[in-house]
Amino acid sequence: MFRFGSLLFVLALGLFCVPSSACADWQFGGYMGASATSSNTLTVTPASGAPFSVPDVAYIGQAFRSPWYYGVRVGWLPADTRGFGYEVEWTHAKAIGQIDPRAFSLNAFQQSHGLNFVLGNVAYRFSPGCNGRCAAVVRGGAGISTPHVESTFANVHQEQYQYGGPAWQLGAGLEYHLWQFVYAVGDARITRVTEKHLRGAGAELAGTFFTRHVDFGVALRLPNR
C-alpha cells in the first residue's frame, strides 16, 4: 500500500505541476466495461516442496457481476482540437481463473475484487471531423497493478490486496460532446503485467496477465481558468 500511495502522489504532483498558463482543460471521467484476459501459465512455489506450473489457465471476466468492472480517469488535455495531454487512471478489471481443483494443489486462483491498475498516461487528442462535436484520443501509459489475490492452495484459502508488478497499457478512444461540459466516452485498450510474487496460502504465485478492455462512460470537461 505504501508503493500504491507513493505512485499516486507522484502522478498527482506531476499533473498539478503543469503550467496553468497553458491552454488546456481538466477532464474527470468514469466508465464501465468488460475485459478478457488471455490464458497463461501460473508458476506455484510452495513454502515447502518443489515449484510446479499450472499450464493453460483460462480466465473469465464476469464484468457485470458484483464487483463490477469500472474505472476512473483524470486528465489535463488540450483545449484545442489537437495536442498532447496527461492522465491518471485507475481500472478495476477482473480475472477469474478456471482451474480443476482435483488436478493441482492450487485449487483456485482469481482476482475478482480486482486485477487493478494504477497508471499514468500520455494522451494525444485530435478531431476526425463530425463538426467539432467529437474527438479521438490515443493513449499509452505505465504504472503498477494492485491485485486482490484470492487463492486456495491445498484446501486452504487466502485473499488480500497486494502489489503486483510494473504494468503498461495502450489504447484508443472517442469522446462525443453531449451537452455543455458533458461528454460520452468510449475506448478500447490492452494492458500487460507480470506479477512475480503473489502471496497465497502456503505458496507464492507468479504469472503474466495480458488483458483486452472495452470501456464506455461519461466525462466532465472543465476549462482551466
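Structure notes:
- Matching option when the condition is open to solvent by 10 Å² or more (accessible area, probe 1.4 Å), more than 15 Å from the chain's Cα centre (by Cα), of a type outside the set (S, T, N, Q) and closer than 16 Å to Ser35 by Cα, among Tyr59, Tyr86: Tyr59
- Meets criteria (closer than 16 Å to Asp215 by Cβ and in a strand (DSSP E or B)) for Phe84: no
- For region 195-225, residues that are outside any loop (DSSP other than H, G, I, E, B) and either of a type in the set (Gly, Ala, Ser) or more than 13 Å from the chain's Cα centre (by Cα) (or both) total 19.
- Check on Val149, open to solvent by less than 20 Å² (accessible area, probe 1.4 Å), aliphatic (A, V, I, L, M), touching a residue at least 24 places away in the same chain (Cβ under 8 Å) and in a strand (DSSP E or B): yes
- Identity of the residue in region 129-145, more than 20 Å from Thr191 (Cα to Cα) and either polar (S, T, N, Q) or not in a strand (DSSP E or B) (or both), that ends up least open to solvent (accessible area, probe 1.4 Å): Gly129
- For Val72: the one exception among (1) assigned to a strand (DSSP E or B); (2) open to solvent by less than 60 Å² (accessible area, probe 1.4 Å): (2)
- Total residues in region 112-132, condition within 21 Å of Gln162 (Cβ to Cβ) and touching a Ser or Thr at 6+ places or on another chain (Cβ under 9 Å): 6
- Subset of region 155-191 [in a strand (DSSP E or B), farther than 23 Å from Ala136 by Cβ and modelled with pLDDT of 95 or more]: Tyr161, Gly165, Pro166, Ala167
The values are calculated or read from the model by the stated rules, or taken from the named source; none is laboratory data. What you see is a predicted model; the values in this text were computed from it and never measured. We place every Cβ from the backbone using ideal geometry, glycine too, and count neighbours over all the protein chains shown. Please note that ligands, DNA and RNA were not included when accessible areas were found on the heavy atoms of the full protein model with its side chains. Shrake-Rupley method; radii C 1.70, N 1.55, O 1.52, S 1.80 Å.
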